[in-house]
Amino acid sequence: MDDGSTGALVPAVKTEPVSSSVSAPSIPDCSLAELDTVVEASAQLDKDFLCPICMQIIRDAFLTACGHSFCYMCIITHLRNKSDCPCCAQHLTSDQLFPNFLLDKLLKKTSAHQIAKTATPIELFRHALQEGCNVSIKELDSLLAMLSEKKRKMEQEESVRNMKILTDFLHCLRKQKVSELNEVQTDLQFIKEDISTVERHRMELSRARDRYSMKLRKAGDDMKAREPWLTLMDKRNDGPTSTSLNTWGVVSAGNFQNKKADSRSQVSTYGLYKKDSLNGAEPQVNHTGLSVARKKRVHAQFNDLQECYLQKRRQLPNQLLDQQEKDKNVMHREGYNPGLSDFQSVLTTFTQYSRLRVIAELRHGDLFHTTNIVSSIEFDRDDELFATAGVSRCIKVFDFSSVVNEPPDAHCPIVEMSTRAKLSCLSWDKQSKNIIASSDYEGIVTVWDVNRGQSVMEYEEHEKRAWSVDFSRTEPSRLVSGSDDCKVKVWCMKQEASVLDIDMKANICCVKFNPGSGNLIAVGSADHNIHYYDLRNISHPLHVFTGHKKAVSYVKFLSNSELASASTDSTLRLWDVKENLPVRTFRGHTNEKNFVGLTVNNEYIACGSETNEVFVYHKEISRPLTWHRFGSPDVADVEDDVGSYFISAVCWKSDSPTILTANSQGTIKVLVLAV
């Protein structure tokens, strides 16, 4: 391993040899010997004071006729059962026991000596009083006065300490509240400025609207004023009758054309409705009701929106000067602070939609496979085709416009490509419309030509199931894959073997190229972390993003600096890969064991749930924007349906409000965000 891979070691403290010219003070040998003798004697003395029966310090010592000492209760209890000495086994009766006054006196002195060495002064004083120390009343009064004075002093010191702690706490609290007050005052100033700016801008828009209304009314009045003049000119016209008839014929023809146009518009109403659906707009919108609904959505997520506003407003004042330098004209014309403008964009995109509407549905299954889990669903470069893959061992390519506009019975794939193993992931080459890559359960990474319907390259270096594959946007011939063999492999379609390997310690669940660089990849692992690598130096990751509690199942880039991740801890997380910081955690869906899909665009993040629902989040708000539950007409019990099926794949149609979704039953739905 390279030297750079070893971690920095804490320097050890080296001991310096003692110079021979400086002699350390030493204890004479005789003193050491004497000390050892004293210690041994003390230990032996303590041992001699032990009762041979209970092995404790003798209490109420009694001496036997054979010369051994015991505790009185110990030897009496022994003689009730036996008539011999516990030490020498000579015949012994209770009449041959005598008090050992000398030993009792020695034991008391030894005990007092031990107490004097270890006891506190208070314990010594208490012990002296208990032993009957002779103290006069005058001495006791003096002691009591001293103790009382000592008590008052200690109480005062304790009060001072308590006051010091209370003062420190109050100072800290005051400092915190002053900081909060300053922050609130700053926020109020921001809000005041923004209200003034918005009101001024609203008045300008209102005046502009009034000017346009006046112009329209004036134009209408001019048309009405011209009508009598045109009638008078017609009456004064002395032309032939045929000309008059011809003129009316032209008018009639015009009316006929208008009627035809009206007829065509009625016939194409369904097509226009479909077009509006793809754009996320309703054909007819009640603007008053729409405003009320948007206000309700604001109040429902008020806390998150408030946090978003304050965060942007507090962060961006420092960037105001730079922004003014970059865009002086806009700032002068709009009068908007960058933070307010940014939040207005968030508020607009967040309240723009309230639900997901189904505009098309098809079945992915066939008669030969009972299990129809769709593991991956992806759009091609131009969003005209989409491909599906799963456990049915087949890649199916559909024409998106046909799926949306034609009846459900006509939904047939335009290309089918069979594989040897179950498929886990698909990735279209964003540079070439007809190239797609797949990974499967046998660890094989395959590159396919959709036009020819066959594989053009197979890579079989992975030793276990490959979970993920991805094409680079900036390097069209480069792709990356991750597998259960704990390896990340980088491939080049111009070569038959991998060009780079990254060995990791845990299973690889997902890999993704940064859209702005062919050298930066994010790797989601079963170790709960996201490893961000620069392929030009794979000895260490650029950064390891930690925070998930379980395996990271998906990673997707919203932009060159924003990365979203999904985990089986039922959360999504947003990361800033430029500053290496966590941004936000999203909660609302359920994901504890399955791959449920993840897809992102510039503003929205969508994922599946093990409750058979699709959830959509706005990237600035941690709670779901909306969700849609899949229905199962073949299952009578809804509760069983919810427990049996889960969403298995999702994919946005670029930056449009349209999203492809699929579940473990093999049902594919085209959903669109709607008001």
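Taking amide hydrogens as placed 1.01 Å from N in the peptide plane, the amide H of Asp440 sits under 5 Å from those of Ser424, Ala466, each at least 5 positions away in sequence or on another chain. Length gained on full extension, Met146 to Ser654: 174.1 nm, using 0.36 nm per residue less the C-alpha separation. In this structure, the pairs whose alpha-carbon distance is over 30 Å, taken from Lys192/Lys619; Lys512/Lys549; Lys105/Lys153; Lys215/Lys619, are Lys105/Lys153; Lys215/Lys619.
On a full-extension model of 0.36 nm per residue, what is the gain between Gln311 and Asp382, subtracting their alpha-carbon distance, rounded to one decimal in nm? Walk me through the intermediate numbers first.
Values: separation 71, 0.36 × 71 = 25.56 nm, distance 3.64 nm.
Computed gain between Gln311 and Asp382 is 21.9 nm.
From the protein chains alone at 1.4 Å, what is the descending order of accessible area for Thr599, Thr288, largest first?
Details: Thr599 10, Thr288 100 Å².
Order by accessible area, largest first: Thr288, Thr599.
Other residues with beta-carbon under 14 Å from the beta-carbon of Ala65 carry, at +1 per Lys or Arg and -1 per Asp or Glu, a net charge of -2. Shown are Ser553, Ser111, whose ranking by accessible area with a 1.4 Å probe and every protein chain present, most to least, is Ser111, Ser553.
Sorted by accessible area with a 1.4 angstrom probe, largest first, how do His364, His540, His127, His113 fall? Display every interim value, and only then the final one.
On the way: His364 0, His540 85, His127 50, His113 105 Å².
If we order His364, His540, His127, His113 from most to least accessible, we get His113, His540, His127, His364.
Within the same chain, lysines fewer than 8 places from Lys47 are excluded, and of the rest, those with a Cα less than 16 Å from its Cα are Lys108, Lys109. Remark: region 45-129 carries a charge dipole of roughly 220 debye about the Cα centre, counting +1 on each Lys and Arg Cβ and -1 on each Asp and Glu Cβ.
At 7 Å along the Cα-to-beta-carbon direction for both Ser345 and Asp187, put a label point, then send me their distance in nm to one decimal. Roughly 2.4 nm, to one decimal.
In the assembled protein chains, Arg584 presents an accessible area of approximately 40 Å² (probe radius 1.4 Å). State the Cα centre-to-centre distance between region 564-579 and region 369-419 in whole Å. Centre-to-centre (Cα) distance: 29 Å.
Go ahead and run the numbers for FRET between Glu592 and Lys82, Cβ-Cβ distance against an R0 of 56 Å, rounding to 0.05.
Values: r = 73 Å, r/R0 = 1.30.
After rounding to 0.05, the efficiency reads 0.15.
Applying 1/(1 + (r/R0)^6) with R0 = 30 Å to the Cβ-Cβ distance of Glu139 and Arg59, what FRET efficiency is obtained, to the nearest 0.05? Could the numbers behind the result be given before it?
Details: r = 32 Å, r/R0 = 1.08.
For Glu139 and Arg59, the calculated efficiency is 0.40.
Distance between the 7 Å Cα→Cβ label points at Met203 and Ser179: 4.0 nm.
Pairs of alpha-carbon atoms within less than 8 angstrom and 6+ residues apart define the contacts here; what relative contact order does region 385-461 have, in percent?
Numbers: 147 pairs, mean separation 17.1, N = 77.
Across region 385-461, relative contact order equals 22 percent.
Computed with every protein chain present, the accessible area of Leu166 is close to 80 Å² [probe 1.4 Å]. Starting from the Cα gyration tensor of region 45-129, take the square roots of the eigenvalues, sort them a ≥ b ≥ c, and report rounded, prolate or oblate (rounded when a/c is under 1.5, otherwise prolate if a/b is larger than b/c, else oblate). Cα axes put region 45-129 in the prolate bin.
For a straight C-alpha distance cut-off of 29 angstrom, the lysines reachable from Lys151 (same-chain residues fewer than eight places away being disregarded) are Lys117, Lys138, Lys164.
Counting heavy atoms of the protein chains alone, Leu173 has an accessible area of about 60 Å² for a 1.4 Å probe.
Filter the cross-link list Lys295/Lys556; Lys396/Lys556; Lys422/Lys487; Lys433/Lys505 down to pairs whose alpha-carbon distance in this structure exceeds 27 Å. Over 27 Å Cα-Cα: Lys295/Lys556; Lys433/Lys505.
The values are calculated or read from the model by the stated rules, or taken from the named source; none is laboratory data. From a predicted model like this one, the values you see are computed outputs, not experimental measurements. Don't worry about glycine lacking a Cβ; one is built from the backbone with ideal geometry, like all the others, and counts go over all protein chains shown. Note: accessible area is taken over every heavy atom of the protein model, side chains too, but ligands, DNA and RNA are not part of it. Shrake-Rupley method; radii C 1.70, N 1.55, O 1.52, S 1.80 Å.
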